[in-house]
Structures are given as structure tokens and as C-alpha cells.
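These notes are about the structure you will find just below.
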Amino acid sequence: EAILLKTRDELKAKSISEISDKLSALLNEVTNVKKQNETLLTKLANTIADNLQTKFEVVNNISFLYHYEEDASVATLNQIGDSLKVKNPSSIIYLVGGKDGDLPLACFVNGDALNNNKAGDIIKQSASYLLGSGGGRPNMANGRGKDKSKLSSLKEFVKGIIK
């Protein structure tokens, strides 16, 4: 009974019987906020991708982009990569996010770049370089690194993997 009374007070319900209605309303609000958050993250990812369009360079005759987006989750990195690969149909896109001991990684390989490069292989090697792990398909892969001290040399390491 004490738990019910405490729950009633926390939900600002007038009675114990109103708890269910208040809880349902609260859960609906959480669902709506999650949807709004996903929409905003998609817009943010698309804006970041648009800003990165001019940052591609050529490595072994392949269009290559490396980008570190601080605090970005693997989901955000994947959204950025998905947006970029559409506008760059023959390329390698390598994205790093997170901070400190958690470095999500995403790699996209498409078009002619797939002839000699596989995203899963690039992620496995680079995640290992960062004392983490990862893998995936030839065209898309994810991983996690742990050693932020190697982040400054990661771009050159990845460039060295590209064939």
C-alpha cells in the first residue's frame, strides 16, 4: 500500500485508481519524445553528412572520407554513412564517434572500391588497432575501439589498409 501511495504521489494522481491512466499517459509521452529524438538525430546526421561532402580525398584512386564525430553513437554514425554513400556511390567512408574508452566505428565501402576492399576487414583491423573489435559485411561494418590515444594516428592507419 505504501508503494501504491508513493506511486500515486509521484505521478500526481488524485487516487490510486488513477495511477494506470497517468502511467499510460506518461508512457505515450515517452514514446512521442523518442520519435522526436529519432527525427532530430536523422536531421543532424543529414546535416553532418552535407557538411562532409567536400572532405573526401583520393587514396589509391579511391574516394575516401575519414571523420571523427565526438559523442556520436554507432546509430548516428550509420545514419551519416548511409546519407554519404548515396551521394558518393564509389567510395570508402570511415566514421568514428564516442569519447574516452568507447569509440564506435562505422565503415562503408561501395561501388568500384568493393573490388579490393571490404568494410568488415577494414573495421576488424582498425578496431584491433584501437584495442577493440568489430566486423561486418563487405559493404558495411561496425566495431568499437577502446584506446583514444591512437585516434590521432587512426586516419593514416586506415589509409594504409586501403588497396
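Within the range 57-81, the set of residues being modelled with pLDDT of 95 or more and of a type in the set (Asp, Glu) comprises Glu57, Glu69. For the range 125-163, a residue qualifies if it is among the polar types (S, T, N, Q) and under 23 Å from Asn110 (Cβ atoms), and the qualifying residues are Gln125, Ser126, Asn139, Asn142. Scan the range 38-56 and tell me whether some residue there is part of a helix (DSSP H, G or I), of a type in the set (Ser, Thr, Tyr) and modelled with pLDDT under 95. Yes - at least one qualifying residue is present in the range 38-56. Among the conditions (1) out of contact with any helix residue (DSSP H, G or I) (no Cβ under 6 Å at 6 or more places or on another chain); (2) more than 18 Å from Lys159 (Cβ to Cβ), Pro104 misses just one, which is (1).
Within the range 11-22, the residues that satisfy the criterion of being at negative phi and either assigned to a loop (DSSP other than H, G, I, E, B) or open to solvent by less than 80 Å² (accessible area, probe 1.4 Å) (or both) are Leu11, Ala13, Lys14, Ser15, Ile16, Glu18, Ile19, Ser20, Lys22.
The values are calculated or read from the model by the stated rules, or taken from the named source; none is laboratory data. Keep in mind the model is a prediction, meaning the values are calculated, not measured. All Cβ positions, glycine included, derive from the backbone under ideal geometry; neighbour counts span all protein chains shown. Just so you know, the surface numbers come from the protein's heavy atoms only, side chains and all, with ligands and any DNA or RNA stripped out. Shrake-Rupley method; radii C 1.70, N 1.55, O 1.52, S 1.80 Å.
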